[in-house]
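Novice: Below are the structure tokens for one structure; questions will follow.
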Amino acid sequence: MGDILRLVSKRLGLGLVILLIISVIIFFMVELLPGDIAEAVLGQGATEENLAAMREQMGLNKPAIVRYLEWLSGAVMFDFGSSIVTQEPVISVIGERFMNTLFLAAYAAVIAVPFAIVLGVIVALLRNSIFDRVANVLTLTSISSPEFFLGYILILYFSVKWGMFPAIASLSEGMSFGQLLERTFLPALTLVLVVVAHMMRMTRAAIINLLASPYIEMARLKGTPPWKVIVKHALPNAWAPIINVVALNLAYLITGVVLVEVVFVYPGVGQALVDAVSKRDFPVVQACCLIFAATFILLNLAADVGAILTNPRLRHPK
Amino acid sequence: MTKISNQKMMDRLAEAARTGGISRRSFMHYSAAAGVTASAATGLWTTAANAAPKKGGTFRFGIHDGNSSDTHDPGTYVSRQQIYLAHQYRSYLTMINPDGSLGSDLATSWEANADASVWTFEINPNASFHSGKPVTAQDVKDSLNHHRGDSSTSAAKALLTSVTDIQTDGDHTVVISLAQGIADIPWLMTDYHFAICPSDGNGGIEWKSGDGSGPYRIDGGDWGTQWDLSRHDGWHLEGAYFDKIFMIVLNDPNARQTALVTGDVDAISLVDLKTKALLERNKNIVLESVPSAAAITMPMFCDTAPFNDVNVRNALKLSMDRDEVISKIAFGEATKGNDFHHSPAMPYWPADIEQREYDPDKAKSLLKKAGAENLSVSIHTADSVFSGAVDMCVLYSEHAKKAGIDVKVVREPNDGYYSDVWLKKSFTAVSWGARPTPDVMYSLAYKSDAAWNESRWQNEEFNNLLLQAKAELDDGLRAEMYRDMAILARDDGGTLIPFFNNFVYARSSKVMRGDNLAASWELDGARAPSRWWFAS
């Protein structure tokens, strides 16, 4: 156990360094964009006088490096500052939207992960059968199509033609949990279709890989039924690569939903990020990107820890 | 036919007339078939189609151009979300009526002194904010002052530079003094920035709270997602028939149109012209196309070669086939431009000026006169200017080939187009929002010393006329001056105006509207929620 704790603390420390580097890169990328925040806020209609007054009010007259260090000194104390445009704390600008994104990702994950793994086990069991081929073709088709296209197809059939689910996933206060699940079903389904293939095929490949091992042959020779061979004997040894792929896809669910949010008008953090970039609202951009980066770092760490915990050889190294 | 089936048919006809599903002509025709006399049918048509507005219902409308970073500050209003919302929960002094005339909002009356340099507005004593506080002259004064002064960050500051003083006279009278006479002040007050907010008591305004005196009060909502409002029962004007309105931000054109098709919303603020024809086939949807004062312009620097020769400028203006541009780029939903920035949707429009047509031969001869044969110019544009901007320039380049002009299309980045390209490159494509009067438009972008004189055009006669017309209170004389100015801009100016784009939006056939639609913004001048109603 001590090894795992050491690994976790080492990786978390590295993660912090990575976050710092990312924050520097993001800050100067935003600075490099043509036009500045005052121009973006006042739009086409601004005069030089307006812009000067606006820059003064927003504190843009200070050098970039000073503004970055000011932000950083707050950020190390977990104060991510206020949006330059709306003057509201960053937490209140993206807090609720981030929860919405997490909810959608969780909704999709709860469906996708068990579905993909069970499907992976079944196709491994029935490998090279018609079922295997069909499942592969369907999931590969869905992963190969862009998300927005899948979203439009689902909208066309499920809401325009059959009227089963609403086409827009706008949320309102006082919705019951059931209504919430119904409203967000189509975006969640889109995400499920996008991530299932990867996880399913990794499960299938990892299991089939093990089926040639002598201990599987032993299990077969002693008369274990095929499904038991796979679930009881092959799967426990296949967990490591599967967990890795699941973690990667979970990270994708959180960071890659921008297009799905646009198609279904879902109030997630992606739209806030796009708006913040177009307005050059650096503190909001920074907070969104750091959340995404931290998500990747934490989920990768979780994947490694998971791989170690499921593998006795790594848990008890000689 | 039996009496009962006749009655049924008449009921169905009346229903069709009310929802706009049948023309007056067909209505009369079918009524006659059902055995109704012509005069009775006329009466039926009138009552059915013009049924009195009915109160009630929740109006949900989907809008484009909404950001999560928008705010309530009227000085930084720029997105459609802010502008549409402002017309629901806040009031203005005046408003543009559906028929294009100027009408009352908060101001019940207004008058000028003889040279139009002092304006007096009387505020409606029945007007109140949603918090219950009456709207006073002080609120109006502080709201207008929000856009004035050295420290103001308002984008509307330029519109009020001539204002020298704003005073209150009692609780309901506001007096605006100007450095020079401006006859357009009441029109100017319809500008979306000049929303009246509650005073904070220290000469500023309290804009953060979202309190206003408009037809609907804000119940809740978030920028970039959705706003829920309910009727303000003490509203000072007629209208506001809906109990509640939901304004939903639907930036994606597909999401917006799908929401209308599936009935998730009752109206949308912008229809994608590429798919307009498909939407038109749906019988439950009515498309509206309103000629507007919004324009696409292509300014050339009149002080920079080769555009410093008026013959070159006019040759370039003659080298565009506007009809093809309108049919291919604007899908027919536009008014043809005639190279002066004054649309038929603005007051004082001169109808009798000859339309400039595509004439490559005349263009060639003008170039010969200028000694500029084999002319080669670059037009700078970007996709973000308007949907189809780059395509329009490529099409123009093909048209100009016939006149022997080589037009190179330079595609610029979308980001920072208006800070790095517009006013900096000598020939660009620009999209202008609608302005209420020709004076506002010409003063902003055609006056010799205007900050946005995008064509760098200097014409003394034009500038003098502009100053004269500004303070002229006689409408007839004013219209004549604007006609002269239009001819000057058309024949000497440096701006090619391909078209004035229409506002194209859509509503469910369950939603009724008045006879006219205001041309100031989409959705009936952004006031559909207080002007439209549900069919019973």
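Novice: Give A:VAL305, A:VAL229, A:VAL245, A:VAL265 a once-over and let me know the one that is in contact with a helix residue (DSSP H, G or I) (Cβ under 9 Å, 6 or more places away or on another chain) and either open to solvent by 50 Å² or more (accessible area, probe 1.4 Å) or within 14 Å of chain B (Cβ to nearest Cβ) (or both). Write out each step before concluding.
Specialist: Values: A:VAL305 fails: either open to solvent by 50 Å² or more (accessible area, probe 1.4 Å) or within 14 Å of chain B (Cβ to nearest Cβ) (or both); A:VAL229 fails: either open to solvent by 50 Å² or more (accessible area, probe 1.4 Å) or within 14 Å of chain B (Cβ to nearest Cβ) (or both); A:VAL245 fails: either open to solvent by 50 Å² or more (accessible area, probe 1.4 Å) or within 14 Å of chain B (Cβ to nearest Cβ) (or both).
That would be A:VAL265, the only listed residue that is in contact with a helix residue (DSSP H, G or I) (Cβ under 9 Å, 6 or more places away or on another chain) and either open to solvent by 50 Å² or more (accessible area, probe 1.4 Å) or within 14 Å of chain B (Cβ to nearest Cβ) (or both).
Novice: Mind checking which residues of segment A:210-245 are among the aromatic types (Phe, Trp, Tyr) and under 15 Å from A:THR310 (Cα atoms)?
Specialist: The one that is among the aromatic types (Phe, Trp, Tyr) and under 15 Å from A:THR310 (Cα atoms): A:TRP239.
Novice: OK, next. Can you tell me which residues in segment A:274-283 are more than 7 Å from chain B (Cβ to nearest Cβ), under 19 Å from A:PRO34 (Cβ atoms) and in a helix (DSSP H, G or I)? Give the steps one after another, and end with the answer.
Specialist: From segment A:274-283, those more than 7 Å from chain B (Cβ to nearest Cβ) are A:274, A:277-278, A:280, A:282-283; that's our starting set.
Within this subset, residues satisfying the condition of being under 19 Å from A:PRO34 (Cβ atoms) are A:274, A:277-278, A:280, A:282.
A:VAL274, A:VAL277, A:SER278, A:PHE282, listed by residue number.
Novice: Within segment A:3-59, restricting attention to residues that are more than 7 Å from chain B (Cβ to nearest Cβ) and of a type in the set (S, T, N, Q), which residue is surrounded by the fewest Cβ atoms within 10 Å (Cβ to Cβ)?
Specialist: A:SER9
Novice: Out of the residues in segment A:135-158 that are hydrophobic (A, V, I, L, M, F, W, C) and within 9 Å of chain B (Cβ to nearest Cβ), which is farthest from the chain's Cα centre (by Cα)?
Specialist: The first filter runs over segment A:135-158 and keeps only residues hydrophobic (A, V, I, L, M, F, W, C), leaving A:135, A:137-138, A:140, A:143, A:148-150, A:153-156, A:158.
Then keep just the ones that are within 9 Å of chain B (Cβ to nearest Cβ); that gives A:148, A:155-156.
On the way: A:PHE148: 16, A:ILE155: 22, A:LEU156: 26 Å.
Here the answer is A:LEU156.
Novice: Run down A:LEU290, A:LEU253 and say which single residue is more than 21 Å from A:GLU88 (Cβ to Cβ) and either open to solvent by less than 30 Å² (accessible area, probe 1.4 Å) or more than 9 Å from every other protein chain (Cβ to nearest Cβ) (or both).
Specialist: Numbers: A:LEU290 fails: more than 21 Å from A:GLU88 (Cβ to Cβ).
Answer to the check: A:LEU253.
Novice: Quick check: is even one residue across segment A:97-113 more than 12 Å from chain B (Cβ to nearest Cβ) and touching a strand residue (DSSP E or B) at 6+ places or on another chain (Cβ under 9 Å)?
Specialist: no
Novice: Sticking with this structure for a sec: Would you please name the residue that is nearest to B:LEU273 (Cα to Cα), looking only at residues in segment B:235-258 that are within 22 Å of the chain's Cα centre (by Cα) and modelled with pLDDT under 90?
Specialist: Taking the candidates together, the pick is B:PRO253.
Novice: For segment A:1-118, which fully contained helices (runs of 4 or more DSSP H) count at least 1 residues that are of a type in the set (Val, Ile, Thr)?
Specialist: Working: elements: A:2-32, A:37-42, A:48-58, A:64-75.
It comes to A:2-32, A:37-42, A:64-75.
Novice: Out of the helices (runs of 4 or more DSSP H) lying entirely within segment B:444-536, which hold 2 or more residues that are open to solvent by 10 Å² or more (accessible area, probe 1.4 Å) and under 20 Å from B:THR335 (Cα atoms)? Spell out the reasoning first.
Specialist: On the way: elements: B:460-471, B:475-492, B:522-526, B:528-531.
The helices (runs of 4 or more DSSP H) meeting that bar are B:475-492.
Novice: Something else: For the subset of segment A:159-182 comprising residues that are of a type in the set (A, V, I, L, M, F, W, C) and at the interface with chain B (Cβ under 10 Å from one of its Cβ atoms), which member is most open to solvent (accessible area, probe 1.4 Å)? Spell out the reasoning first.
Specialist: Within segment A:159-182, the subset of a type in the set (A, V, I, L, M, F, W, C) is A:160, A:162, A:164-165, A:167-169, A:171, A:175, A:177, A:180-181.
Those left that are additionally at the interface with chain B (Cβ under 10 Å from one of its Cβ atoms): A:160, A:165, A:167-169, A:171.
On the way: A:VAL160: 63, A:PHE165: 46, A:ALA167: 2, A:ILE168: 3, A:ALA169: 1, A:LEU171: 42 Å².
Filtering segment A:159-182 for residues that are of a type in the set (A, V, I, L, M, F, W, C) and at the interface with chain B (Cβ under 10 Å from one of its Cβ atoms), the one most open to solvent (accessible area, probe 1.4 Å) comes out as A:VAL160.
Novice: Report those strands (runs of 3 or more DSSP E) wholly inside segment B:98-155 carrying at least 3 residues which are β-branched (Val, Ile, Thr) and over 19 Å from B:TYR192 (Cβ atoms).
Specialist: Details: elements: B:102-104, B:107-112, B:118-123.
Passing ranges, in order: B:118-123.
Novice: For segment B:412-433, enumerate the residues that are under 22 Å from the mean Cα position of the chain (by Cα) and either assigned to a loop (DSSP other than H, G, I, E, B) or away from every other protein chain (no Cβ under 14 Å) (or both).
Specialist: B:TRP422, B:ALA429, B:GLY433
Novice: Does A:LEU299 meet the test of being more than 12 Å from chain B (Cβ to nearest Cβ) and either touching a Ser or Thr at 6+ places or on another chain (Cβ under 9 Å) or in contact (Cβ under 8 Å) with a residue 24 or more places away in the chain (or both)?
Specialist: Details: more than 12 Å from chain B (Cβ to nearest Cβ): yes; either touching a Ser or Thr at 6+ places or on another chain (Cβ under 9 Å) or in contact (Cβ under 8 Å) with a residue 24 or more places away in the chain (or both): yes.
When the stated conditions are applied, A:LEU299 passes them.
Novice: In the list B:GLY224, B:GLY239, B:GLY181, which residue meets the criterion of being open to solvent by less than 40 Å² (accessible area, probe 1.4 Å) and within 14 Å of chain A (Cβ to nearest Cβ)? Can you show your working first?
Specialist: Details: B:GLY239 fails: within 14 Å of chain A (Cβ to nearest Cβ); B:GLY181 fails: within 14 Å of chain A (Cβ to nearest Cβ).
The match here is B:GLY224.
Novice: Which of the residues that make up segment B:357-414 are touching a His at 6+ places or on another chain (Cβ under 7 Å) and touching a residue at least 40 places away in the same chain (Cβ under 8 Å)?
Specialist: The first filter runs over segment B:357-414 and keeps only residues touching a His at 6+ places or on another chain (Cβ under 7 Å), leaving B:358, B:410, B:412.
Of everything in segment B:357-414, just one residue is touching a His at 6+ places or on another chain (Cβ under 7 Å) and touching a residue at least 40 places away in the same chain (Cβ under 8 Å), namely B:TYR358.
Novice: From the list B:VAL394, B:VAL409, B:VAL390, B:VAL440, exactly one residue is open to solvent by 30 Å² or more (accessible area, probe 1.4 Å), closer than 18 Å to B:ILE497 by Cα, part of a helix (DSSP H, G or I) and of a type in the set (Val, Ile, Thr). Which is it? Step through it out loud before you land on a result.
Specialist: On the way: B:VAL409 fails: part of a helix (DSSP H, G or I); B:VAL390 fails: open to solvent by 30 Å² or more (accessible area, probe 1.4 Å); B:VAL440 fails: open to solvent by 30 Å² or more (accessible area, probe 1.4 Å).
B:VAL394 is the lone residue from the list that is open to solvent by 30 Å² or more (accessible area, probe 1.4 Å), closer than 18 Å to B:ILE497 by Cα, part of a helix (DSSP H, G or I) and of a type in the set (Val, Ile, Thr).
Novice: Output the number of the condition that B:THR297 fails; it satisfies all remaining conditions of (1) open to solvent by 20 Å² or more (accessible area, probe 1.4 Å); (2) closer than 30 Å to B:ALA445 by Cα; (3) modelled with pLDDT of 90 or more; (4) within 14 Å of chain A (Cβ to nearest Cβ).
Specialist: Only one criterion is unmet by B:THR297, namely (1).
Yes or no, residue by residue, for (1) farther than 30 Å from A:ARG201 by Cα; (2) hydroxyl-bearing (Ser, Thr, Tyr):
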| site | (1), (2) |
| --- | --- |
| A:GLU49 | yes, no |
| A:ASN61 | yes, no |
| A:LEU69 | yes, no |
| A:SER73 | yes, yes |
| A:PHE78 | yes, no |
| A:VAL85 | yes, no |
| A:THR101 | no, yes |
| A:ALA108 | no, no |
| A:ALA112 | no, no |
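Novice: Now for a separate question. Does B:GLU522 satisfy the criteria of being touching a strand residue (DSSP E or B) at 6+ places or on another chain (Cβ under 7 Å) and of a type in the set (Asp, Glu)? Walk me through it before giving the result.
Specialist: On the way: touching a strand residue (DSSP E or B) at 6+ places or on another chain (Cβ under 7 Å): yes; of a type in the set (Asp, Glu): yes.
Against the criterion (touching a strand residue (DSSP E or B) at 6+ places or on another chain (Cβ under 7 Å) and of a type in the set (Asp, Glu)), B:GLU522 qualifies.
Novice: In addition: From the list A:ALA112, A:ALA167, which residue is among the small types (Gly, Ala, Ser) and within 25 Å of A:TRP239 (Cβ to Cβ)?
Specialist: Numbers: A:ALA167 fails: within 25 Å of A:TRP239 (Cβ to Cβ).
Just a single option satisfies the conditions, and that option is A:ALA112.
Novice: A follow-up question, please. Considering only segment B:166-176, I want to know if a residue exists there that is open to solvent by less than 20 Å² (accessible area, probe 1.4 Å), within 14 Å of chain A (Cβ to nearest Cβ) and farther than 19 Å from B:PRO436 by Cα.
Specialist: Looking through segment B:166-176, none of the residues is open to solvent by less than 20 Å² (accessible area, probe 1.4 Å), within 14 Å of chain A (Cβ to nearest Cβ) and farther than 19 Å from B:PRO436 by Cα.
Novice: What's the number of the only condition in (1) aliphatic (A, V, I, L, M); (2) more than 23 Å from A:LEU309 (Cβ to Cβ); (3) open to solvent by 10 Å² or more (accessible area, probe 1.4 Å) that A:VAL260 fails to meet?
Specialist: Single failed check for A:VAL260: (3).
The values are calculated or read from the model by the stated rules, or taken from the named source; none is laboratory data. In this text the structure is predicted, and so the values were computed from the model without any measurement. All Cβ positions, even for glycine, are placed from backbone atoms using ideal geometry, and neighbour counts span all protein chains on display. Note: accessible area is taken over every heavy atom of the protein model, side chains too, but ligands, DNA and RNA are not part of it. Shrake-Rupley method; radii C 1.70, N 1.55, O 1.52, S 1.80 Å.
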